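Q: Got a structure for you, written out below as structure tokens; questions coming shortly.
What follows draws every value from the coordinates through simple rules; no lab data is involved. Small disclaimer: the values here were computed from a predicted structure and weren't measured. Counting neighbours? That spans all protein chains shown, and the Cβs are built from the backbone with ideal geometry, glycine included.
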Amino acid sequence: MSLQLRCLDNRRYSLALVLTLLLLTATPGTSGTSGTSGHSDVAMNITAVLGHSVTFKCPSTHSKPVNGLYIQRMKNDKEVFINGFYKGHPMPVNSEYQNRTKVNEMELSMEMRNISVSDEGLYKCVVFYSTLDKMETMINLKVTAEYSVPTIKKDCIKRNDGSTGESCQLSCSAVGGYPQSTVTWVGLNSSEMSGFYNRNLADNVSETWTINQTIIFNCDQPISVSCAIADAVSYTITICEKESFSLQVIIAIIVVLAFVLLILVIIVMKCCCRRSETRRLEDQVDGADIPLA
């Protein structure tokens, strides 16, 4: 066969695939048995981790031979074809997913790699048994990303309302997570917290979130506190700790003790010197010659 005839056959085959896809897409989706279309109104939920891969597994009636499969994205009330095959031949892949999707004909599935937040949404999986007999399944993809270990900080001062205890400003923050989450304070009574200040920002590129919250908490007894954002938990700190001697007081006590010790040493030395002098004098008296009468 000449090269021109081969090119003509390839063009005819590609055109046939496109026409088949258009025909299958235009087929009405009504519930029924053989010769009709089966459609599931309940969407399957699958979860993917940001930057990793996920597999769209399409349910099928194993008693029927499968002629084709395609997976499409439901976007802006439109069905956008992603990838698939028909009668053993691959269909033209959407350019947006060209290098990161792969269809497995034996398992009736599609792997999508390098997941981003923008991939989150509703998909449709269609298994074809014939031109008019197909099974449709809705798949809802959710994307997640783990937050960093939260950073917890404290700034405590004595209360100025005349009561005992301290007023502590506590802050908790974490970055790189998705979806947007909230701060949970562990060890604190939420009814006693005040002065809430939230500052949550989404990254313009990755669309991941930075979560930050600051609160005011008053206490007069030591409390162990930590904070959690999604599944990430901070280390534990202690607020309203019992007052201990300041460094200046400790230094003053050491100086006083050293002075007292020095005085004691001087007194002991003087006592020892006096005893030595007394013994020396007694020894001189005992050793002196006594004149005869």
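Q: Excluding same-chain residues fewer than 8 positions from Lys242, which lysines have a Cα within less than 30 Å of its Cα?
A: Lys153, Lys154, Lys158
Q: Here's another thing I want to ask about it. Provide the per-residue ³J(HN,Hα) series for the stretch 191-205, in order, calculated from phi with Karplus coefficients 6.51, -1.76, 1.60 and θ = phi - 60°, each as a whole number of Hz, with x at glycine and proline positions.
A: 6, 9, 8, 8, x, 5, 9, 10, 9, 10, 10, 9, 5, 5, 9
Q: If the label point is 7 Å along Cα→Cβ of Ala252, which residues in the stretch 143-179 have backbone nitrogen under 15 Å from it?
A: None, by backbone N distance to the label point.
Q: So for the pair Lys64, Asn94, with labels modelled 7 Å out along Cα→Cβ, what separation do we get in nm?
A: Each label point lies 7 Å from its Cα, and together they span 2.4 nm.
Q: Per 0.36 nm of contour for each residue apart, how much would the distance between Arg274 and Ser194 grow if the chain were fully extended, relative to their Cα-Cα spacing?
A: That works out to 21.6 nm of additional length.
Q: Run the simple label-point estimate for Tyr235 and Ile266 please: 7 Å along Cα→C-beta, distance reported in nm.
A: So the label points at Tyr235 and Ile266 sit 4.8 nm apart.
Q: With the crude spin-label approximation of a point 7 Å out along Cα→Cβ, what separation in nm comes out for Arg159 versus Asn204?
A: Rounded to a tenth, the inter-label distance reads 4.6 nm.
Q: For Lys142 and Lys242, what does the FRET efficiency come to when R0 = 51 Å and r is the distance between their Cβ atoms, rounded to the nearest 0.05?
A: Efficiency, from the Cβ-Cβ distance: 0.60.
Q: Also, quick follow-up: Work out from phi, with θ = phi - 60° and the Karplus expression 6.51 cos²θ - 1.76 cosθ + 1.60, the ³J(HN,Hα) of each residue of the stretch 126-139, listed in order in whole Hz, and give x for Gly and Pro.
A: 10, 9, 9, 9, 7, 4, 10, 9, 8, 10, 10, 9, 8, 10
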